Amino acid sequence: MRWRFSKLELSYAVGELLIVILGVLIALAVDGWNDNRLDRVEEAEAVDRLISDLREDLERLEGQSSSISGKEASLLRLRSYFAAPDVQPDDSVRFLQDVINGADYGWNQVEARRTTFSELLGSGRFGLIRDPQLRERINEYYDFDASVHERIDARETGFPHLSYLLVPRENEGNVEGVRGQADIESTLSEAELDDLVASMLASPIAEELIGELNLARYIRNIGRRVDDRCRALIAELETYRELIR
C-alpha cells in the first residue's frame with residue numbers, strides 16, 4: 001500500500017514538474033515573441049527615421065545646387081573684372097555683392113544628416129535592420145559623404161576669408177541655413193563703395209579666385225553623386241519598409 005502511494009506521489013510530482021517546465025517554456029516563448037515584435041516595431045521606426053534624414057539631405061542638396069550656380073556666375077563675373085584691373089566696374093554694389101556671393105559654400109557645405117545613423121551605431125542597435133546588404137549600403141552612403149567632405153576640405157581656398165575681411169555685410173549672422181552669406185551693407189556711400197572696390201582689386205583675393213571657381217564646380221559635381229546615392233538609398237529603404245510591415 002505504501003509503495004502504491006509512493007508511486008502515485010512520484011507520478012504527481014513528475015506531472016507537476018512537467019507542468020512547471022511547460023509553463024516556463026511557454027512564458028519564454030511569449031517573451032521571445034514579444035521581444036521580436038518590439039524589435040520589428042523599432043526596426044520599422046528606424047527605417048522611417050533614416051528615410052526622413054535622407055529626404056532632408058535631398059532638400060538641402062537641391063538648395064546647395066541652386067546656390068552653387070549663383071556662386072559660379074558671380075565668380076565668372078569677378079574673373080572678367082580682375083582680368084582688366086585698370087577698368088573700374090560699372091556697378092560697384094553688384095561687384096561687391098559678387099564677392100560675397102562668390103564665398104557661398106566656401107566654408108560650409110551640405111553634410112549628410114547623421115542623427116538616426118549615429119544613434120543606431122552608438123546604441124549598438126544598427127543590427128535591428130536585419131538585411132545585411134541594406135546595412136552595408138547605409139554604411140557606404142555615410143562613408144561616401146564623409147570622404148566627399150574630406151576632399152572638399154582639401155580644396156578650400158582663402159577666398160571666403162578675404163571676402164569676409166574686405167566687404168561689410170548688412171545682415172551677417174542673421175542668415176538661416178548652411179549658406180550663411182549676407183548682403184552688402186546698404187548704408188555705404190558712393191565714395192565708400194568706390195574705395196572698397198579699389199581695395200578689392202588691389203587685394204590678393206584675385207589669386208584665390210580660380211581655386212574658388214574650381215571648388216564651386218567640384219561641389220556641384222560631387223553633390224550630384226551624393227544626390228544619386230541618396231535617392232537610390234531612399235528607394236531601397238522604402239521597398240524594405242513595405243516588406244517588413
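Per residue, what volume in Å³ does the convex hull of the Cα atoms of segment 100-149 enclose? Before the final figure, lay out each step's value.
Values: hull volume 4.2 nm³, N = 50.
Expressed per residue, the convex hull around the Cα atoms of segment 100-149 is 83 Å³.
Would you work out the relative contact order for segment 43-244, in percent, from Cα pairs under 8 angstrom that are 6 or more residues apart? Let's see the in-between values first.
Values: 199 pairs, mean separation 72.7, N = 202.
Taking the mean separation of contacting Cα pairs over the length of segment 43-244, I get 36 percent.
Give me log10 I(q)/I(0) at q = 0.07, 0.14, 0.16 Å⁻¹ for segment 43-244, Debye formula, one equal scatterer per alpha-carbon, no solvent.
-0.29, -0.82, -0.96
Give me the number: length gained by fully extending Ala154 to Arg137, i.e. 0.36 nm times residue separation minus the C-alpha to C-alpha distance, one decimal in nm.
Roughly 3.5 nm would be gained on extension.
Values in this text are rule-based calculations from the coordinates and carry no lab data. It should be emphasised that the depicted structure is a prediction, and the values quoted were computed from it without experimental measurement.
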